[in-house]
Each structure stands twice: as structure tokens, then as C-alpha cells.
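**Q** Before I ask anything, let me first share the structure, which is written out below as C-alpha cells.
The values are calculated or read from the model by the stated rules, or taken from the named source; none is laboratory data. Quick caveat, the model's predicted, so the values are computed rather than measured. Please note: Cβ atoms are built from the backbone with ideal geometry, for glycine as well, and neighbour counts cover all protein chains shown.
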Ligand SMILES: *Cc1c(COP(=O)(O)O)cnc(C)c1O
């Protein structure tokens, strides 16, 4: 497994100081310095250890169900006149890619001798993936969640409780994700010795963006191997993924980032329209700022207050984007597109009817932009299907025509 490949010569991956071009770093309160420094020092060394790698591989295989299939979507391909492959992260245990990262981080936490896990969650998907691995490892789990989100996402709150986690409401500010994040950071400051903080995307202080990207990089490693088997070539013409914080996209792009013949397409949520005031298209609307202890593109007001994002899909409803993606955007290495709520819904219906696959609303954003690529016959496109649509059925039924 290739999760610790040397990226020190890459123009795009993280550098030794924890930066991607202008973005990244670790803008942490001083009290957190020992925890973050410990991670910075040890993460690669632990991940390289053969015993760690084999435990990670074993769980991905027997518990998560990897490798996830790379499926040639015939009827979808016919419609666009190219070969479209879907990377089926929707078939993973718990229904999305997030489990790849939480498995990696819980193994790492054990290596660091931690006894207690904390996490923040918005829609509850990362909270469920974290509660799942804590149950698996018999570790205490505390999940911070905005009180507004607790009401909006009742089924995931129930899942976390069923799995034995404690869900703590964050009641400050807008009572959503960023407030939950603040509470989690506060908890970590108060419990620096026995607690590991599992962050759910390629965001947060260095080394989290790189660490999470590497745990998710199993996605692109498998794509290369599977594509080679199916077509004789490891590189497709395009890889596409939706971007909230950016972890499924980082995993899908990881081994292709320095392969300049592969075009990287990142799809953000345009909500009701990029300039409608109800959007989460961070690359289009954001300016440099600090969120979650990382310097990155951030949707903010003139005086630097974070703007509440909007998307029909809870997983893309994030006002920032991981520093890797900010750098891929700034350098032009990746193309950033955005799909509106309506486009995502339409794509979800289309995929369901053409392929018998009901995607997560997040993943549907990526599918929605196939129509915006100038595709040539014979080209190969790989789309990451980050999750399954069970959790979105209420929204789908409401809009079904
Ligand atoms: C959480 C989630 C996302 C968005 O998170 P990223 O870190 O951007 O990948 C996308 N798809 C699904 C199914 C999710 O659960």
C-alpha cells in the first residue's frame, strides 16, 4: 500500500513546513502546540510502520469492504459518448468514503497511546464514521455537534448514540459546524494527554490535511490498479470528485496530482446559484483566511466574519476548503466547477434511472458536471461516487417530479 509515498519533490503536495503554496500551516492556540507537534513529528513514521500498514489494510479489506469496485457505467457512458467509470465509495461500510480516514486515525490514536476520541460533525456523517470505529476499538467517543444540526440530522444522532458515542450539543454562535469545531478544539486543549481529535476532512492544522489525504489516497491507488487491469492504462483523461472540505477529492486526486496528463475536476456546491447568497462555492467566493487553524480560501465578510454557506447537501455545506485544494485552484492544476442544488438533484435522478445507483446528494454534484466537460469520443473519465443516497431519500422524494 502506497499511503506514505515520498511527495517532497511535488509542486502540489504539502511541503516540510506544512504548506501547500500559500495555504496550510498550523494556526493553533499555544495550549495545543504539544498535541499538534506530536502528530507532526510522528504521523509519517507511524504510517510507514509495516505493522500499522497491515492493520490498516486488513480493516479496509474485511471491515470496510475494500477494494471498492471501479464500475464502467455503460448507459451513462453511452449518453456522454465516453467511458465513464464510477469509483464505488458508496459501497463502503457506513455508506461513504469517510470510514477510510476514521479507520486510519483510530489506529494512529492507539499507537499514540490515546484512550479517548473527540470529533466534530455537521451533517453527522463524520460523527457516525467516528462512532463506528470507536465501537470497533472499544474507545470512548465524544462528538460535538451544533444544536441546530442535532435537530436537522436526527437519524445520524440516533446512529451515533446506538454506537455508544456521547453527542454534545454546541450552543454558541450559529449552532452549526464551526461552533462544534470550536467546542472540539476547547475539549482538546483541556484533555491534551489522553485524547485524540479525529478531523473528518482534509482541513485543520498541519499535519491533518496531509494525513487525511494519505488515508483517503487508497481511492486513487485502487483506481490506478483497477484501470490498468480494465483498460491497460493507469491514467484516465479526467478524474472528478465533489468538494466539501475536500477529502474524497483529495483521495481521488492523490496519485494523479503529479501526472499532468490527467485532468483534475473538483466540483463545489453552488447552492441556489454562486452569487445568490446561498452557496458553498468556496473557490469562487472565498478569500484567504484562517479557519480550523489552517490558512486557506474562506467565505467571509469584508471584516473577516465567516459567511454561513448553503447547499442542499449537508456534506458540502462548509465555508472553507482544504489547503491542498486552495493550492490546486490557485495554480490552476485542478479545474473548479460548481453545481447548483437543482443540477445535483437532476443528476441524482439521472444516475438512479440509468444505472440503478442512488447516489448521495454530495456525489451527485460531481455527476452533474459531466455535461460541462468538453469530452472527446474514446476518453476515459473516473468519477468518485463518494456515498450512497439512503440518507438523502427524504430530500429526493420531496423534489421528485
Ligand atoms: C462528507 C461527505 C462529502 C464531503 O466531504 P469531503 O471531505 O469534501 O469529501 C462528500 N460526499 C459524501 C457522501 C459525504 O458524506
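**Q** For residue 212, which of the numbered conditions (1) surrounded by fewer than 21 Cβ atoms within 10 Å (Cβ to Cβ); (2) in contact with a helix residue (DSSP H, G or I) (Cβ under 7 Å, 6 or more places away or on another chain); (3) in a helix (DSSP H, G or I) fails to hold?
**A** With (1) surrounded by fewer than 21 Cβ atoms within 10 Å (Cβ to Cβ); (2) in contact with a helix residue (DSSP H, G or I) (Cβ under 7 Å, 6 or more places away or on another chain); (3) in a helix (DSSP H, G or I) applied to residue 212, the lone miss is (1).
**Q** Does residue 352 fit the bill of being in contact with a helix residue (DSSP H, G or I) (Cβ under 7 Å, 6 or more places away or on another chain) and either under 28 Å from residue 199 (Cα atoms) or away from the ligand (no atom under 13 Å from the Cβ) (or both)? Can you show your working first?
**A** On the way: in contact with a helix residue (DSSP H, G or I) (Cβ under 7 Å, 6 or more places away or on another chain): no; either under 28 Å from residue 199 (Cα atoms) or away from the ligand (no atom under 13 Å from the Cβ) (or both): yes.
For residue 352, the condition - in contact with a helix residue (DSSP H, G or I) (Cβ under 7 Å, 6 or more places away or on another chain) and either under 28 Å from residue 199 (Cα atoms) or away from the ligand (no atom under 13 Å from the Cβ) (or both) - is not met.
**Q** Turning to a different aspect of this structure: Would you please name the residue that is nearest to the chain's Cα centre (by Cα), looking only at residues in region 219-242 that are in a helix (DSSP H, G or I) and within 16 Å of the ligand (Cβ to nearest atom)? Spell out how you get there, then give the answer.
**A** Narrowing region 219-242 to residues in a helix (DSSP H, G or I): 219-231.
Now restrict to residues that are within 16 Å of the ligand (Cβ to nearest atom): 219-220, 223.
Details: 219: 12, 220: 14, 223: 17 Å.
Restricting to residues being in a helix (DSSP H, G or I) and within 16 Å of the ligand (Cβ to nearest atom), the top hit is 219.
**Q** Next question. Hey, could you check region 329-349 for residues that are without any contact (Cβ under 8 Å) to a residue 24 or more places away in the chain and more than 19 Å from residue 253 (Cβ to Cβ) and say which is nearest to the ligand (Cβ to nearest atom)? Write out each step before concluding.
**A** The first filter runs over region 329-349 and keeps only residues without any contact (Cβ under 8 Å) to a residue 24 or more places away in the chain, leaving 332, 342, 346-347.
Among the residues that remain, those that are also more than 19 Å from residue 253 (Cβ to Cβ) are: 342, 346-347.
Numbers: 342: 18, 346: 18, 347: 13 Å.
In this case the residue turns out to be 347.
**Q** Moving to a separate point now. Does residue 104 meet the test of being near the ligand (Cβ under 10 Å from one of its atoms) and either on the phi < 0 side of the Ramachandran plot or touching a residue at least 24 places away in the same chain (Cβ under 8 Å) (or both)?
**A** Details: near the ligand (Cβ under 10 Å from one of its atoms): no; either on the phi < 0 side of the Ramachandran plot or touching a residue at least 24 places away in the same chain (Cβ under 8 Å) (or both): yes.
So residue 104 fails the test.
**Q** Would you check if there is a residue in region 355-362 being on the phi > 0 side of the Ramachandran plot and without any contact (Cβ under 8 Å) to a residue 24 or more places away in the chain? Lay out the reasoning, then the answer.
**A** The first filter runs over region 355-362 and keeps only residues on the phi > 0 side of the Ramachandran plot, leaving 356.
Subsequent filtering for residues that are without any contact (Cβ under 8 Å) to a residue 24 or more places away in the chain retains 356.
Within region 355-362, one or more residues are on the phi > 0 side of the Ramachandran plot and without any contact (Cβ under 8 Å) to a residue 24 or more places away in the chain.
**Q** Within region 53-63, is there a residue that is surrounded by fewer than 24 Cβ atoms within 10 Å (Cβ to Cβ) and outside any helix (DSSP H, G or I)?
**A** Just the residues of region 53-63 that are surrounded by fewer than 24 Cβ atoms within 10 Å (Cβ to Cβ), to begin with: 53-63.
Those still in the list that are outside any helix (DSSP H, G or I) too: none.
Within region 53-63 (the criterion being surrounded by fewer than 24 Cβ atoms within 10 Å (Cβ to Cβ) and outside any helix (DSSP H, G or I)), the answer is no, since none of the residues qualifies.
**Q** Something else about it: Restricting attention to region 369-401, report how many residues are part of a helix (DSSP H, G or I), surrounded by 13 or more Cβ atoms within 10 Å (Cβ to Cβ) and within 12 Å of the ligand (Cβ to nearest atom).
**A** We begin by selecting, within region 369-401, every residue part of a helix (DSSP H, G or I); these are 369-372, 390-399.
Those left that are additionally surrounded by 13 or more Cβ atoms within 10 Å (Cβ to Cβ): 369-372, 391-392, 395-396, 399.
Right, trim to within 12 Å of the ligand (Cβ to nearest atom) and you get 391-392.
Counting residues in region 369-401 that are part of a helix (DSSP H, G or I), surrounded by 13 or more Cβ atoms within 10 Å (Cβ to Cβ) and within 12 Å of the ligand (Cβ to nearest atom) gives 2.
**Q** Going through 289, 245 one at a time, which residue ends up being assigned to a loop (DSSP other than H, G, I, E, B) and within 23 Å of residue 204 (Cα to Cα)?
**A** Values: 289 fails: assigned to a loop (DSSP other than H, G, I, E, B).
Testing whether each residue is assigned to a loop (DSSP other than H, G, I, E, B) and within 23 Å of residue 204 (Cα to Cα) leaves just 245.
**Q** Consider residue 300 carefully, then state whether it is under 20 Å from residue 26 (Cα atoms), surrounded by fewer than 24 Cβ atoms within 10 Å (Cβ to Cβ) and at pLDDT below 95.
**A** no
**Q** Would a scan of region 74-93 turn up a residue that is under 23 Å from the mean Cα position of the chain (by Cα), away from the ligand (no atom under 16 Å from the Cβ) and surrounded by fewer than 14 Cβ atoms within 10 Å (Cβ to Cβ)?
**A** First, the residues of region 74-93 that are under 23 Å from the mean Cα position of the chain (by Cα): 84-93.
With away from the ligand (no atom under 16 Å from the Cβ) added as a condition, the list becomes 84-85.
If we keep only those that are surrounded by fewer than 14 Cβ atoms within 10 Å (Cβ to Cβ) as well, we get none.
Looking for residues that are under 23 Å from the mean Cα position of the chain (by Cα), away from the ligand (no atom under 16 Å from the Cβ) and surrounded by fewer than 14 Cβ atoms within 10 Å (Cβ to Cβ), one finds none in region 74-93, hence no.
**Q** Moving on to the next point. Go through region 106-204 and tell me which helices (runs of 4 or more DSSP H), entirely inside it, have 1 or more residues that are farther than 24 Å from residue 290 by Cα. Step through it out loud before you land on a result.
**A** Numbers: elements: 125-137, 147-152, 154-162, 177-190.
Where helices (runs of 4 or more DSSP H) fall fully within region 106-204 and carry at least 1 residues being farther than 24 Å from residue 290 by Cα, they are 125-137, 147-152, 154-162.
**Q** Residue 39: in contact (Cβ under 8 Å) with a residue 12 or more places away in the chain, in a helix (DSSP H, G or I), away from the ligand (no atom under 16 Å from the Cβ) and more than 16 Å from residue 196 (Cβ to Cβ), yes or no?
**A** Values: in contact (Cβ under 8 Å) with a residue 12 or more places away in the chain: yes; in a helix (DSSP H, G or I): yes; away from the ligand (no atom under 16 Å from the Cβ): yes; more than 16 Å from residue 196 (Cβ to Cβ): no.
Judged against the criteria, residue 39 is not a match.
**Q** If you don't mind, another one. Here are 266, 280, 250: which of them is assigned to a strand (DSSP E or B), surrounded by 24 or more Cβ atoms within 10 Å (Cβ to Cβ) and either more than 16 Å from the ligand (Cβ to nearest atom) or under 19 Å from the mean Cα position of the chain (by Cα) (or both)?
**A** Details: 280 fails: assigned to a strand (DSSP E or B); 250 fails: assigned to a strand (DSSP E or B).
Sole residue among the options that is assigned to a strand (DSSP E or B), surrounded by 24 or more Cβ atoms within 10 Å (Cβ to Cβ) and either more than 16 Å from the ligand (Cβ to nearest atom) or under 19 Å from the mean Cα position of the chain (by Cα) (or both): 266.
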